[in-house]
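**Student:** Input: one structure, supplied below.
The values are calculated or read from the model by the stated rules, or taken from the named source; none is laboratory data. Everything numeric in this text was worked out from a predicted model, so none of it was measured. For neighbour counting, all protein chains shown are included, and Cβ atoms are generated from backbone atoms with ideal geometry for every residue, glycine included. Accessible surface is based on the protein model in full, side chains and every heavy atom, while ligands, DNA and RNA are left aside. Shrake-Rupley method; radii C 1.70, N 1.55, O 1.52, S 1.80 Å.
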Amino acid sequence: MTRRDGILFVVSAPSGAGKTTLCTAITDSLENLTHSISSTTRKPRPGEVDGRDYYFVSEERFREMKLAGDFAEHAVVHSNHYGTSKRVLLDMIKEGVDVILDIDTQGARQIKDHCNTAVFIFIMPPSMAILEERLRNRRSDREDDIRKRMQRAVDEIRDFGLYDYIVVNRDFERALSELRSIVVAERCRTKLMKVNWIEELLK
């Protein structure tokens, strides 16, 4: 039996703040931590792989999954649909696996409404100017898309009160270290522990 259930870490940030890169890096650097893969109707960006970065599905398939109640959360972001499998999340958590869920603030609000043990982390850009520069450096968005992402970033940042922690991604290695510290500390919280193994220890 595992000493505790897995922990769900919900990570959000404005587009371009670096959350996906940070989430990938931390799952590579810590054991028993996996990056949950969402389904989306948007087209893959250069270098993205189906089943590794996202499950890329048609709008029709996404609607079918939504109607079947397959999603723990779902949202429309920049005209594209995103959703996270309820069954996959529950199975991993029951097995004691910690899960990083990289989603926007709409999805985070849905998770918060029905999961009181999840840990919520917001990745903050150091400034709006740097955020815009990072979006432009991606060279994957049109000018009108960049404007929409910047407008949405303002609303997302204003939702910071939903979150337990804020990590400012000014320097990647420092931000990764802070994110890792949060995960390690949360794993040690007594309220999450199953007491059976402690009772066995005292015999």
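**Student:** Being within 30 Å of ASP144 (Cβ to Cβ) and β-branched (Val, Ile, Thr) is the filter here; which residues of region 70-97 pass it?
**Tutor:** Of everything in region 70-97, those that are within 30 Å of ASP144 (Cβ to Cβ) and β-branched (Val, Ile, Thr) turn out to be VAL76, VAL77, THR84.
**Student:** Is there a residue in region 111-121 that is open to solvent by 60 Å² or more (accessible area, probe 1.4 Å), touching a residue at least 40 places away in the same chain (Cβ under 8 Å) and within 29 Å of LYS86 (Cα to Cα)?
**Tutor:** The first filter runs over region 111-121 and keeps only residues open to solvent by 60 Å² or more (accessible area, probe 1.4 Å), leaving 112-114, 116-117.
This time we only want the ones that are touching a residue at least 40 places away in the same chain (Cβ under 8 Å), so: 112, 117.
Those still in the list that are within 29 Å of LYS86 (Cα to Cα) too: 112, 117.
Looking through region 111-121, at least one residue is open to solvent by 60 Å² or more (accessible area, probe 1.4 Å), touching a residue at least 40 places away in the same chain (Cβ under 8 Å) and within 29 Å of LYS86 (Cα to Cα).
**Student:** Does region 124-139 contain any residue that is open to solvent by less than 30 Å² (accessible area, probe 1.4 Å) and either more than 26 Å from LEU162 (Cβ to Cβ) or of a type in the set (Gly, Ala, Ser) (or both)?
**Tutor:** Within region 124-139, none of the residues are open to solvent by less than 30 Å² (accessible area, probe 1.4 Å) and either more than 26 Å from LEU162 (Cβ to Cβ) or of a type in the set (Gly, Ala, Ser) (or both).
**Student:** With of a type outside the set (A, V, I, L, M, F, W, C) and open to solvent by less than 60 Å² (accessible area, probe 1.4 Å) as the only criterion, which of ARG180, ARG187 stands out?
**Tutor:** That would be ARG187, the only listed residue that is of a type outside the set (A, V, I, L, M, F, W, C) and open to solvent by less than 60 Å² (accessible area, probe 1.4 Å).
**Student:** Another one. Looking only at region 141-184, which residues are assigned to a helix (DSSP H, G or I), of a type outside the set (Val, Ile, Thr) and in contact with a helix residue (DSSP H, G or I) (Cβ under 7 Å, 6 or more places away or on another chain)?
**Tutor:** Listed by number, the residues that qualify are ARG149, MET150, ALA153, GLU156, LEU162, ALA175, LEU176, LEU179, ARG180.
**Student:** Only strands (runs of 3 or more DSSP E) wholly contained in region 1-110 count here; list those with 1 or more residues that are surrounded by fewer than 20 Cβ atoms within 10 Å (Cβ to Cβ) and touching a residue at least 12 places away in the same chain (Cβ under 8 Å).
**Tutor:** Because the criterion is at least 1 residues that are surrounded by fewer than 20 Cβ atoms within 10 Å (Cβ to Cβ) and touching a residue at least 12 places away in the same chain (Cβ under 8 Å), the strands (runs of 3 or more DSSP E) in region 1-110 that meet it are 33-35, 71-77, 80-85.
**Student:** Here is a follow-up. Quick check: anything in region 152-166 buried (at least 16 other Cβ atoms within 10 Å of the Cβ), closer than 20 Å to HIS35 by Cβ and not charged (D, E, K, R)?
**Tutor:** yes
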